[in-house]
Amino acid sequence: MTAIAFEHVRKEYPDGTVAVADLSLEVREHELLALVGPSGCGKSTTLRMANRLVEPTSGRILLGGEDVTDADPVELRRRIGYVIQNVGLFPHRTVEQNVATVPRLLGWDRTRTRTRVGELLELMGLEPGRYAKRYPHELSGGERQRVGVARGLATDPPVLLMDEPFGAVDPVGRRRLQAEFRRIHAEIGTTVMLVTHDVDEAVQLADRIAVFSRGGHLEQLDDPVRVLTAPASAAVADLVGRDAASKLLGLGTLQSSDLRQGSLGEDLPTAEATVRVGAPLSEAFSALADARAAAVPVLDGDRTVGVLDADGVLRALRRIVDERASEESAAV
């Protein structure tokens with residue numbers, strides 16, 4: 001089912017600048033849709049039109065079948081979660097008070113509010129007894145971002161809008177937040193529209209990716225594998241770049257069929273570097289690169305079941321593409 005739909009939406013500013021031109025786009029229930037493209041392509045404008053922080057010039061935007069332009073904008077924004085890059089936490093309110101902002105505006109009682117805040121902090125990996133009474137300045141950048149996500153989810157909104165939510169976090173913290181958010185989204189299933197300039201982030205997190213070009217033109221709407229392996233236009237190919245294969249590493253896990261069986265051989269002087277069946281391919285590739293050897297042992301439980309070498313990584317990448325092609329054929 002469709003959670004939010006853009007029907008021939010256009011945004012043109014008084015000076016004649018077209019930010020979004022005739023955009024038609026459907027976001028499915030429970031999916032995470034990433035919006036990517038170069039600066040000035042209209043992806044953030046599209047996001048902000050969904051909760052009327054920016055008003056469309058023409059067209060319709062439907063949330064659960066209701067035209068958002070017919071809704072009271074303040075009430076609408078209380079129904080749609082919104083998370084931005086710099087979080088925007090209230091500095092003189094505690095973590096608990098920040099997360100409780102919208103529930104209190106909606107008139108929730110204290111018990112219900114406190115329970116929901118505790119649930120969300122636990123979900124975000126922020127132990128309530130440790131973090132609830134802290135203030136934003138007492139948190140790391142990653143912790144503040146988690147609080148921002150918790151606040152956006154406080155009233156279990158049907159749609160969560162996220163505009164470069166992890167952009168202000170250092171690279172290591174960003175990777176951790178991406179992994180944590182992937183887990184959270186799988187658990188709660190909220191429909192998410194995520195704006196990011198980072199194609200790798202979109203590939204890691206999204207069920208589908210919408211690629212925009214300047215003027216708010218939708219160049220391609222597809223799953224990450226198709227965007228990487230079959231770009232629909234030169235603009236998409238330029239955005240993806242020449243390292244599409246390396247981006248595919250973030251989309252699959254290591255399987256027994258990817259391995260070379262038998263003895264570890266002389267190309268494995270030590271077994272210090274190992275990887276496990278089911279590990280993300282990106283992790284498996286890193287283990288192989290760090291081992292400074294031609295192959296690394298692969299474990300299933302405590303048992304060595306084979307070795308991973310460069311050919312195995314290539315087999316895994318081809319498997320991901322072939323599996324996607326088989327799924328598409330079955331769907332026809």
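The values are calculated or read from the model by the stated rules, or taken from the named source; none is laboratory data. Quick caveat, the model's predicted, so the values are computed rather than measured. Backbone-built Cβ (ideal geometry, glycine too); neighbour counts: all protein chains shown.
Quick check on the range 97-107. Is at least one of its residues modelled with pLDDT of 90 or more and not in a helix (DSSP H, G or I)?
yes
Do you know which of the residues in the range 9-64 that are at positive phi and charged (D, E, K, R) is surrounded by the most Cβ atoms within 10 Å (Cβ to Cβ)?
Selected residue: R52.
When you check G167 against the structure, is it at pLDDT below 90, small (G, A, S) and part of a loop (DSSP other than H, G, I, E, B), yes or no?
Details: at pLDDT below 90: yes; small (G, A, S): yes; part of a loop (DSSP other than H, G, I, E, B): yes.
Considered against the rule, which asks whether it is at pLDDT below 90, small (G, A, S) and part of a loop (DSSP other than H, G, I, E, B), G167 comes out as yes.
Kindly indicate whether G142 is small (G, A, S), in the same structural domain as R93 (by TED's automatic domain parsing), out of contact with any Phe, Trp or Tyr (no Cβ under 7 Å at 6 or more places or on another chain) and free of Cβ contacts under 8 Å to residues at least 12 places away in the same chain.
Values: small (G, A, S): yes; in the same structural domain as R93 (by TED's automatic domain parsing): yes; out of contact with any Phe, Trp or Tyr (no Cβ under 7 Å at 6 or more places or on another chain): yes; free of Cβ contacts under 8 Å to residues at least 12 places away in the same chain: no.
Judged against the criteria, G142 is not a match.
Got a number for residues in the range 21-55 being part of a loop (DSSP other than H, G, I, E, B) and under 13 Å from F212 (Cβ atoms)?
Of the residues in the range 21-55, the ones part of a loop (DSSP other than H, G, I, E, B) are 29-31, 37-42, 51-55.
Cutting the leftovers down to under 13 Å from F212 (Cβ atoms) gives us 37-42.
Number satisfying all stated conditions: 6.
Sort out which residues of the range 104-124 are surrounded by fewer than 14 Cβ atoms within 10 Å (Cβ to Cβ) and within 22 Å of F166 (Cβ to Cβ), and write them in order of number.
Selection gives E122 alone.
Give the residues of the range 153-181 that are surrounded by fewer than 17 Cβ atoms within 10 Å (Cβ to Cβ), of a type in the set (A, V, I, L, M) and more than 11 Å from the chain's Cα centre (by Cα), sorted by residue number.
Correct list: A168, V172.
Kindly check whether there is at least one residue in the range 142-155 that is over 30 Å from V36 (Cα atoms) and of a type outside the set (D, E).
Kept after step one, since they are over 30 Å from V36 (Cα atoms), are these residues of the range 142-155: none.
For the range 142-155, residues over 30 Å from V36 (Cα atoms) and of a type outside the set (D, E): absent.
Of all residues in the range 284-322, how many are in a helix (DSSP H, G or I) and free of Cβ contacts under 8 Å to residues at least 12 places away in the same chain? Before the answer, list the steps.
First pass over the range 284-322, keeping only residues in a helix (DSSP H, G or I): 284-291, 310-322.
Then keep just the ones that are free of Cβ contacts under 8 Å to residues at least 12 places away in the same chain; that gives 286, 289, 314, 318, 322.
Matching residues across the range 284-322 total 5.
Of everything in the range 65-87 that's of a type in the set (G, A, S) and surrounded by 15 or more Cβ atoms within 10 Å (Cβ to Cβ), which residue is farthest from D156 (Cα to Cα)?
Just the residues of the range 65-87 that are of a type in the set (G, A, S), to begin with: 65, 71, 81.
Those still in the list that are surrounded by 15 or more Cβ atoms within 10 Å (Cβ to Cβ) too: 71, 81.
Details: A71: 19, G81: 8 Å.
Going through the qualifying residues, I end up with A71.
Look through E219, E201, E187 and report the one residue that is surrounded by fewer than 19 Cβ atoms within 10 Å (Cβ to Cβ) and on the phi < 0 side of the Ramachandran plot.
E187
Check R52, R10, R93, R78 and return the single one that is basic (K, R) and in contact with a strand residue (DSSP E or B) (Cβ under 8 Å, 6 or more places away or on another chain). Quick ask: steps written out before the conclusion?
Details: R52 fails: in contact with a strand residue (DSSP E or B) (Cβ under 8 Å, 6 or more places away or on another chain); R93 fails: in contact with a strand residue (DSSP E or B) (Cβ under 8 Å, 6 or more places away or on another chain); R78 fails: in contact with a strand residue (DSSP E or B) (Cβ under 8 Å, 6 or more places away or on another chain).
Of R52, R10, R93, R78, the one residue that is basic (K, R) and in contact with a strand residue (DSSP E or B) (Cβ under 8 Å, 6 or more places away or on another chain) is R10.
Is it the case that the range 114-137 has a residue that's part of a helix (DSSP H, G or I), β-branched (V, I, T), without any contact (Cβ under 8 Å) to a residue 40 or more places away in the chain and on the phi < 0 side of the Ramachandran plot? Spell out the reasoning first.
Start the filter on the range 114-137 by keeping residues that are part of a helix (DSSP H, G or I), which leaves 114-123, 128-131, 136-137.
From what's left, β-branched (V, I, T): 115, 117.
Checking which are without any contact (Cβ under 8 Å) to a residue 40 or more places away in the chain leaves us with 115, 117.
Okay, now just the ones that are also on the phi < 0 side of the Ramachandran plot, so 115, 117.
Looking for residues that are part of a helix (DSSP H, G or I), β-branched (V, I, T), without any contact (Cβ under 8 Å) to a residue 40 or more places away in the chain and on the phi < 0 side of the Ramachandran plot, one finds at least one in the range 114-137, hence yes.
Within the range 84-142, work out how many residues are touching a helix residue (DSSP H, G or I) at 6+ places or on another chain (Cβ under 7 Å) and of a type in the set (S, T, N, Q).
3
Which of the numbered conditions does D258 fail, given that it passes all the others? Conditions: (1) modelled with pLDDT under 85; (2) acidic (D, E); (3) within 18 Å of E323 (Cα to Cα).
Just one mismatch for D258, condition (1).
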